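Beneath this line is the structure, given in structure tokens, with notes to follow.
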Amino acid sequence: MSWFDRLRRGLGKTREVLTTDVRDLATGANVDWEELEFSLVAADVGAGIAADVVEEAKRERESGTSVREALEAALLDQLEPDRRRQTLRRVGFDLDVARHRVEPAGKVVMVVGVNGVGKTTTIAKLGRYYQEAGKSVAFAAGDTFRAAGSAQLGVWGERLGIPTHVGPDGGDPGAVAYDAAAARAARGHDLLIIDTAGRLHTQHNLMEELKKVKRVIGKADEGEPKDVWLVLDAVTGQNGLQQARRFHDAVGLTGVIVTKLDGSAKGGVLLPIVRELGVPIKFIGVGESAEDLQPYDAAAFVRALLGGDADAA
Amino acid sequence: MFENLGDRLQGAIQSLRGRGRLSEADVKSALREVRVALLEADVALDVARDFVKRVEAEAVGSETLMSLTPDQRVIRIVRDELQALLGGDSVQPELRSDGNVWLMMGLQGAGKTTTVGKLAYHFKAKGRRPLLVAADTQRPAARDQLEVLADRVGVPILKVEDGEAPATTKARLDAALREDFRDLVLVDTAGRLEIDEALMDELAALDAAVGPTERLLVIDAMTGQQTLPVARTFDARIGVSGLVLSKMDGDARGGAALSATHVTGRPIYYAGTSEKLDGLEAFHPERIAGRILGMGDVLTLIEKAEALEEAAEDGGLSGRPQDFSLADMLHQMRQLKKMGSFGEILGMIPGAKKMMPAGADVDEGELARVEAILSSMTDAERTTPRLLDASRRRRIARGSGTTVQDVNRLIKNYEATKKMMKKAGKTGRLPAGFGG
Ligand SMILES: Nc1nc2c(ncn2[C@@H]2O[C@H](COP(=O)(O)OP(=O)(O)OP(=O)(O)O)[C@@H](O)[C@H]2O)c(=O)[nH]1
Ligand SMILES: [Mg+2]
């Protein structure tokens with residue numbers, strides 16, 4: 001089953017404000033733009049962007065498109081930080097459809113985020129994804145803080161047959177990351193994915209610790225980690241932007257992964273994040289098993305965000 | 001983007017300033033802003049709509065409280081409504097002398113397991129005898145996580161086996177209780193999506209088997225518009241008797257709290273305020289309402305300050321301003337830090353946020369540096385700052401990973417503070433001033 005079907009199945013179970021609004025309102029001649037705007041807000045897009053999107057959609061509609069198409073186009077623009085790609089999309093190129101794989105920039109990926117968003121599970125999924133692509137993968141259980149945080153990744157490593165570097169509970173996360181990065185370089189694994197303890201972006205000391213972990217990796221393996229990916233829970237509201245800002249300031253994000261899109265959450269807060277920080281979205285998480293990971297596709301994301309009939313677009 | 005809901009609400013409402021009687025149009029346009037502000041704070045759409053309707057009904061032509069200007073009147077109404085929405089007074093779950101079974105539930109990653117550990121810690125300290133039940137057989141190592149917490153708190157744990165039937169769990173629980181008297185059973189369950197029918201059925205079956213006396217829904221304070229369907233579905237399927245709001249130590253604006261109480265009609269018992277076992281506080285609706293409005297969480301601040309003052313009395317601040325030493329400064333600083341980050345403290349002081357220029361942030365890094373410098377001094381240096389000659393300053397800079405300039409600046413600030421204190425000395429209070 002594709003993730004879109006899963007999403008749709010999810011949607012079928014709940015009454016979606018947005019679905020009804022878009023469908024019902026789009027058929028009438030008089031479009032209630034204000035209601036559409038608030039419906040976007042209900043998808044966690046945020047009031048500021050919702051207003052912009054609606055303005056843009058109004059303009060778009062003057063050229064004769066349907067309300068839904070106009071909204072999709074306006075939303076897609078917001079999700080395309082790259083001007084050139086935006087133009088290409090405008091002239092009809094479907095940019096994500098042909099994309100098969102998301103390649104990491106280097107050999108080490110560090111995964112960060114607030115508590116409970118799905119970092120550890122996502123690492124398991126990423127491990128499987130890159131393993132299937134023929135890479136030799138290793139894990140580092142850098143969450144030495146939360147009770148059984150390391151054990152959790154250890155279990156996944158065992159299930160997937162991925163070697164997992166585990167340090168002592170309560171130990172120094174920098175030391176675990178250093179050892180794992182050095183071991184990766186020595187053994188020549190293609191990819192090392194490093195877990196970190198969940199932390200609120202407002203906790204100064206823990207953000208400093210994260211910077212240190214990143215620095216230390218570079219000492220063991222020059223130039224790494226080339227990727228730092230933020231995991232974001234789709235259920236997060238406007239605070240998600242604040243999270244992304246702070247993590248970006250601290251460790252320089254190169255990508256975002258949104259989890260739990262198998263629920264009824266839409267993950268609309270991605271729009272303000274992409275618009276403000278220009279950090280690309282890499283993957284979406286759609287379940288609790290190792291295979292529940294998909295490369296991100298902006299057009300599909302927008303269709304799911306608007307709900308309703310996926311094939312109509 | 002606006003700093004917080006309070007600023008935004010006040011901005012909206014201030015447009016009414018200078019009017020006499022409020023016309024419907026005045027109120028309508030201000031309230032549209034209020035609605036947007038609530039949405040930006042993650043208040044659920046339906047809740048925000050209802051809310052605005054109620055305020056509108058009360059505010060139009062409102063002539064109550066004639067001592068207040070129109071804008072103050074609306075603020076007052078918004079505030080009272082917010083408080084009413086959050087459920088008036090602080091409520092705690094009822095505990096019987098025996099047979100308490102609390103079932104924890106919520107989405108994946110909401111903070112259930114950590115909350116169970118905190119509740120066990122809290123109630124053990126109050127003389128209760130908790131037993132933990134680890135029923136999350138789904139997530140790898142979830143039961144191990146709870147076991148580690150049980151060990152730390154010093155309470156027993158019963159681990160549910162993979163695929164165990166609820167009736168079996170109930171039988172094992174009864175057997176355990178016959179053997180060892182326990183008056184508070186805390187059941188941790190796997191996180192689940194509210195739309196996952198199969199897992200909701202499983203939860204309902206476990207619920208029916210163990211017959212909880214409290215059903216606690218744990219909600220992440222950072223949740224957006226999903227709070228509404230989540231709370232609604234858990235309430236409809238299982239029944240929610242109370243709420244726990246986790247991760248309140250972040251900077252989320254509190255919309256989840258509003259929405260969850262609104263839809264379930266149940267109180268928020270507790271707020272999670274750190275990852276540690278003691279990071280659980282009784283939830284005070286009136287304080288949160290104040291904070292959302294940006295009127296400052298004065299009550300919390302005062303309470304914390306009072307507790308610290310007591311601690312300081314036996315903690316040894318040398319009382320007279322002329323004796324104020326660097327040791328006192330370090331002590332004061334640590335006390336202040338216990339009250340929370342400076343950003344947090346600012347948020348509790350009415351108007352403080354507004355006085356800060358836009359974008360200005362309290363430099364927590366600077367504070368960390370000051371503390372590092374003070375920690376690198378010897379006791380003698382801290383009590384007698386005169387000792388600090390150039391070579392000592394160099395040593396301190398090296399030891400604290402700062403520069404001599406940093407050390408010099410700190411000492412200058414200290415001297416300025418001391419002077420200030422001598423002036424203010426008559427009040428007998430130490431101002432929290434270490435400049436910057
Ligand atoms: N439904 C669903 N659940 C998910 C998804 N990703 C993660 N989860 C669940 O979310 C919960 C938390 O996931 P973790 O991977 O432990 O999260 P974490 O960010 O590592 O948590 P901490 O290390 O405690 O901060 C687990 O129950 C996961 O199974 C997803 O895409 N969909
Ligand atoms: Mg983790």
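The values are calculated or read from the model by the stated rules, or taken from the named source; none is laboratory data. These figures come from a predicted structure and were not determined experimentally. Every residue, glycine among them, receives a Cβ derived from its backbone with ideal geometry; neighbour counts consider all protein chains shown. Only protein heavy atoms, including side chains, enter the accessible area calculation; ligands, DNA and RNA are left aside. Shrake-Rupley method; radii C 1.70, N 1.55, O 1.52, S 1.80 Å.
With a Förster radius of 41 Å applied to the C-beta separation of B:Asp180 and A:Asn205, the computed FRET efficiency comes to 0.55.
Subtract the Cα-Cα distance of B:Asp98 and B:Glu415 from 0.36 nm times their separation in residues, and report this length gain in nm to one decimal. Provide the component values of the computation, followed by the final result.
Values: separation 317, 0.36 × 317 = 114.12 nm, distance 5.96 nm.
The span from B:Asp98 to B:Glu415 would gain 108.2 nm if fully extended.
By a 1.4 Å probe calculation restricted to protein chains, B:Ile238 has an accessible surface near 20 Å², given to the nearest 10.
Look at the stretch A:43-50: the mean tally of other chain Cβ atoms within 10 Å of its residues' Cβ atoms is 4.
Annotation: extensible slack from B:Glu281 through B:Glu24 equals 88.4 nm (criterion: 0.36 nm per residue apart, minus Cα-Cα distance). Per residue, the accessible area of the stretch B:100-292 comes to 34 Å² when a 1.4 Å probe rolls over the protein heavy atoms.
Please give the FRET efficiency for B:Arg237 paired with B:Val91, using the beta carbon to beta carbon distance and R0 = 25 Å, rounded to the nearest 0.05.
On the way: r = 23 Å, r/R0 = 0.92.
Plugging the Cβ-Cβ distance into 1/(1 + (r/R0)^6) gives 0.60.
Sum up the charges of everything whose Cβ sits under 9 Å from the Cβ of B:Glu81, counting Lys and Arg as +1 and Asp and Glu as -1, but leave B:Glu81 out. Residues close to B:Glu81 contribute a combined charge of 0. Spin-label model, A:Glu158/A:Asp172: points 7 Å from Cα along the beta carbon direction are separated by 2.9 nm.
Round to the nearest 0.05 the FRET efficiency obtained for B:Glu366 and A:Glu222 when R0 = 22 Å and r is the Cβ-Cβ distance. Efficiency for this residue pair is about 0.10. Sorting B:Arg79, B:Arg334 by accessible area puts them as B:Arg334, B:Arg79; the probe is 1.4 Å, largest comes first, and only protein heavy atoms count.
Which order do B:Glu81, A:Glu291, A:Glu62 take when ranked by solvent-accessible area (1.4 Å probe, heavy atoms of all protein chains), largest first? Show your work: numbers first, answer last.
Values: B:Glu81 25, A:Glu291 100, A:Glu62 155 Å².
Accessible-area ranking of B:Glu81, A:Glu291, A:Glu62, largest first: A:Glu62, A:Glu291, B:Glu81.
Among the residues of A:111-119, the average count of other protein chain beta-carbon atoms within 10 Å of the residue beta-carbon is 4. Taking all protein chains together and a 1.4 Å probe, the residues B:Arg386, A:Arg199, B:Arg35 rank B:Arg386, B:Arg35, A:Arg199 from largest to smallest accessible area.
Structure note, pairs A:Lys135/A:Lys226; A:Lys135/A:Lys282; A:Lys266/B:Lys112; A:Lys214/A:Lys266; A:Lys214/B:Lys112: Cα-Cα distances above 25 angstrom occur for A:Lys214/A:Lys266; A:Lys214/B:Lys112. With a simple spin-label model that places each label point 7 Å from the Cα along the Cα-to-Cβ direction, the separation between A:Ala105 and A:Arg59 comes to 3.1 nm.
The A-B contact accounts for approximately 3800 Å² of buried accessible area, totalled over both chains at a 1.4 Å probe radius.
Counting Cβ atoms of other protein chains within 10 Å of each Cβ in B:224-237 and taking the mean gives 5. When nucleic acids and ligands are ignored and a 1.4 Å probe is applied, B:Asp144 ends up with an accessible area of around 60 Å². Ligands, DNA and RNA excluded, the heavy atoms of B:Glu94 present near 150 Å² of accessible surface to a 1.4 Å solvent probe. Comparing the full protein assembly with the isolated chain (1.4 Å probe, heavy atoms, ligands and nucleic acids excluded), the residues of the stretch A:229-256 losing at least 50 square angstrom of accessible area are A:Val235, A:Gln238, A:Asn239.
Applying 0.36 nm per residue to the separation of B:Leu199 and B:Arg172 and subtracting their alpha-carbon distance, the gain on full extension is 7.5 nm.
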